[in-house]
Structures are given as C-alpha cells and as structure tokens.
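Report on one structure; see the data block that follows.
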Amino acid sequence: MANIKSAKKRILVNRTKADRNKAIRSRVKTAIKKVYSTIAAGDKAAAKTELAAATKVIEMAGSKGVYHKNNVAHKVSRISKAVNEMA
C-alpha cells in the first residue's frame, strides 16, 4: 500500500476511472449484441434503429477516450455492414 498522499489519491482516481471505463465498455458490448440479435431475428427496421443507437453509444465511448478512434470506426463499420447485408 502506498504511503504518500498523492500516491493514495492516484490509486483512488485510477480505480474510479477503471470502473467508469468498464461500465462504458459494457454499454457498448450490450448495444452491439442488440444489433446482432435483431439481425438474427430478421427485422430490418428494428436493426436500423438499434444500429443508430449502438453507433451513438460507440462514438460517445470514443469521445470519452475509452476506445481509440480507429477502433470506434472499426466497430461501427462492422455492425453497419452486418445490417446492410440483411436480406
């Protein structure tokens, strides 16, 4: 355990940030799973609405610094392609 006051604060701040990032990552994963579940169900209209919601969540995570911008672009591109290739 740290003895210096600033080191103790760093531990607390890092834990807080890690929890925040974990919650944001979880939200992104859930949004992506919703898109894929609507694709599996075959409902294109619902898939498009879920895609819009998921894109917003992913881009917000990128703006918060949780994901790199290229990772954000990759995730959005992958789910967009999946929705667009629906029958």
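Based on this model, can you work out whether Val66 counts as touching a helix residue (DSSP H, G or I) at 6+ places or on another chain (Cβ under 7 Å), more than 16 Å from Ser80 (Cβ to Cβ), hydrophobic (A, V, I, L, M, F, W, C) and open to solvent by less than 100 Å² (accessible area, probe 1.4 Å)? Show your work before the answer.
On the way: touching a helix residue (DSSP H, G or I) at 6+ places or on another chain (Cβ under 7 Å): yes; more than 16 Å from Ser80 (Cβ to Cβ): yes; hydrophobic (A, V, I, L, M, F, W, C): yes; open to solvent by less than 100 Å² (accessible area, probe 1.4 Å): yes.
Taking the combined requirement at face value, the residue satisfies it.
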Within the range 1-57, of all residues that are open to solvent by less than 70 Å² (accessible area, probe 1.4 Å) and not in a helix (DSSP H, G or I), the one nearest to Asn70 (Cα to Cα) is Gly42
Only one of Arg15, Arg25, Arg20, Arg10 is closer than 30 Å to Met86 by Cβ and among the charged types (D, E, K, R), namely Arg25
Listed by first then second residue, the pairs whose first member lies in the range 62-87 and is modelled with pLDDT under 95, whose partner is surrounded by 13 or more Cβ atoms within 10 Å (Cβ to Cβ) and in a helix (DSSP H, G or I), with beta carbons under 8 Å and at least 6 positions apart or on separate chains, are Met86/Ile39; Met86/Lys44; Met86/Ala47
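The values are calculated or read from the model by the stated rules, or taken from the named source; none is laboratory data. Everything quoted here is computed from the prediction, not taken from an experiment. Backbone-built Cβ (ideal geometry, glycine too); neighbour counts: all protein chains shown. Calculation scope for accessible area: heavy atoms of the full protein, side chains included, ligands and nucleic acids excluded. Shrake-Rupley method; radii C 1.70, N 1.55, O 1.52, S 1.80 Å.
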